[in-house]
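Since every read-out is calculated from the coordinates, none of them should be taken as a lab result. Since the model is a prediction, treat every value here as computed from it, not as a measurement. Every residue, glycine among them, receives a Cβ derived from its backbone with ideal geometry; neighbour counts consider all protein chains shown.
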Amino acid sequence: MRPADADLLLDAARRATRYLAGLDERPVAPRQTERLAEFDEPLPSGPSDAVLTLSKLDDVGSPATMGSAGGRFFGFVIGGALPVALAANWLAGAWDQNSALFNVTPVPAQLEMVSLRWMRELLHLPSALAGAFVTGATMANFTALAAARHAVLKRAGWDVEADGLFGAPPICVVVGAEVHPTLLKALGMLGLGRNRVVRLPVDAQGRIRADALPALSGPCIVCLQAGNIHSGAFDPFVPLCEWAHAAGAWVHVDGAFGLWAAASAATAHLTVGMCEADSWAADAHKVLNIPYDCGVVMVRDEGALRCAMSVSASYLPTVSVHRNPADYAPELSRRGRGIEVWAALRSLGRSGVEALVDRLCRHTRRFAQALAAHGFEVLNEVVFNQCAVSVGNVQDTQRVVAAIVADGTCWVGSSSWQDRPCVRISVCSWATTDADVERSIEAIVRATALLHHTH
Ligand SMILES: *Cc1c(COP(=O)(O)O)cnc(C)c1O
């Protein structure tokens, strides 16, 4: 490597660490976004200085980022990045491994295998399990549902990978009324239809009601949820798995952030029976705080996942005694996402992951308790890391959220849940401290008071 290239990489590391160190002082929301127009130059006709390219990226880009890597971002369900995971990400970036086949790039293949085993142990999932690392829960849902589609149609005598869905026996797909939209998107991508689903009624926390279950027959896929994005609630897995399996259905769990509840003694009760499912989707870029992007899919029936995903060609050294990631994931070439997961799990250990989960839950309870004490109505039972707070009607909610974001101390989003407008507070970052929570509570109270003043 040329000395200039080494300097460039060290410059990037310096800029990145300066950026992270500055997050605590700057407003959370993007600033100077008008400067983004500076990126919109004509395509350069020839080479230019790499150092200047990096400095432009930093000067224009860094202020305009969302400060979600810091401790006071509570929007959507967005984790930060554990330093060890980010460091592993940098090293893995330098390795630039294709990560499809063990015989070509053994390091990511091995670390994915180890990470999958550790996750299965941590989350108390069955010991015989296959899985893959994908971009996020959307693709984890997609991959698991592809395996499900294979299995239920195979039992009906149909080879869906070979023959497609035209003329195939219909599959009944069941979801809860508060299913995540990306699960429906995954169904759409699989030819199963976003709307062609049976929606089961849910209770006041968004959990599927186990007392109102229809009869199932024929090829069937039942999609359950671990972690509702408004309430954090978990479907009652024990009766739902029993009901679905009695009819021979495949049970899938979308546990994008909620699957991690199984890693803590304090929240494991929420996941009772979850291990009875046939497939699970989780994000690692949410609760585990791996840098974007990283999701995990796990499937009980290894054969079904392989039939849905495997690939071979004369030019690919696919024959191996080892697990080839490309046989389990939608992609062939891909980055080795298990590398950062390995680094995070190795450095946190069981108790570290448990402490992380517990901390997110404790911060969320503190938000709920403090805001209730200030007279806000908390709409959900706070069981995990989600808190939905009412601040009035839709206009009030939008004004309050805009005022909170403009104040800059923290960032929250607005939503509407079970016909109630709400502010969503979602605690997902390892970086959030007790002081961050207190500062943010004050900011939310301040912004709301200001608004009522100007009414
Ligand atoms: C975030 C989320 C998803 C989608 O995950 P991505 O990582 O954004 O693809 C799916 N389901 C649930 C419950 C989620 O919270």
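Taken as Cα centroids, region 291-339 and region 142-203 sit 21 Å apart, rounded to the nearest whole angstrom.
Think of the chain as a dipole: +1 on every Lys or Arg Cβ, -1 on every Asp or Glu Cβ, centred on the Cα centre; then among Gln418, Ala212, Val400, Ala212 lies furthest on the positive end. Computed from the C-alpha gyration tensor, the three semi-axes of the ellipsoid equivalent to region 111-199 are 26, 17, 12 Å, from longest to shortest. Taking chymotrypsin sites (Phe, Trp or Tyr not before Pro) across region 262-353, the ones in a DSSP loop with at most 11 further Cβ atoms lying within 10 angstrom of their Cβ are Tyr315. From largest to smallest, the equivalent ellipsoid semi-axes obtained for region 146-237 from the alpha-carbon gyration tensor read 26, 14, 10 Å.
A simple charge model with +1 on the Cβ of Lys and Arg, -1 on the Cβ of Asp and Glu and nothing else charged puts the dipole of the chain at about 380 debye relative to its Cα centre.
Every Cα-Cα pair in region 155-309 was counted, and those over 20 Å apart are 50% of them. The alpha-carbon of Lys185 sits under 21 angstrom from the alpha-carbons of these lysines, leaving out residues fewer than 8 places away in its chain: Lys286.
Two numbers describe the Cα atoms of region 379-455: Rg and Dmax, which are 12.3, 37 Å. Averaging 1/r across all pairs of distinct Cα atoms in the chain and inverting the result yields a Kirkwood radius of 23.4 Å. Around the Cα centre of region 225-345, unit charges on the Cβ atoms of Lys, Arg, Asp and Glu (plus for the first two, minus for the last two) sum to a dipole of about 340 debye. Simple spin-label estimate for Val321 and Asn195 gives 5.4 nm between the two label positions (7 Å along the Cα-to-Cβ direction from each Cα).
Its alpha carbons give region 80-232 an Rg and a Dmax of 18.6, 54 Å. Estimated at 0.36 nm per residue, the fully extended path between Arg117 and Arg446 surpasses their Cα-Cα distance by 113.8 nm. Among beta bridges identified by DSSP and lying wholly in the chain, the antiparallel ones come to about 60 percent. Counting Cα-Cα pairs of region 24-140 in 10 Å increments starting at 0 gives whole-percent bin shares of 10, 25, 30, 24, 9, 1. So if I take the centroid of the Cα atoms in region 112-133 and the same for region 204-276, what is the distance between those two points in Å? Result: 19 Å between the Cα centres. Three principal axis extents of region 6-52 based on alpha-carbon atoms, in descending order, are 39, 31, 8 Å. Of the chymotrypsin sites (Phe, Trp or Tyr not before Pro) in region 37-86, the ones in a loop by DSSP (not H, G, I, E or B) with at most 15 other beta carbons within 10 Å are Phe76. The GluC sites (Glu not before Pro) found in region 285-347 include none that occupy coil by DSSP while having at most 14 further C-beta atoms within 10 Å.
Shape call for region 320-393 from the C-alpha gyration tensor, a ≥ b ≥ c root eigenvalues: rounded (a/c under 1.5), prolate (a/b greater than b/c) or oblate? Prolate shape, in that a/c is at least 1.5 and a/b is the bigger ratio. With contacts taken as Cα pairs under 8 Å and at least 6 residues apart, region 302-434 reaches a relative contact order of 17 percent.
Averaging the sequence gap over all C-alpha pairs within less than 8 Å and six or more residues apart, then dividing by the number of residues, gives the chain a relative contact order of 23 percent.
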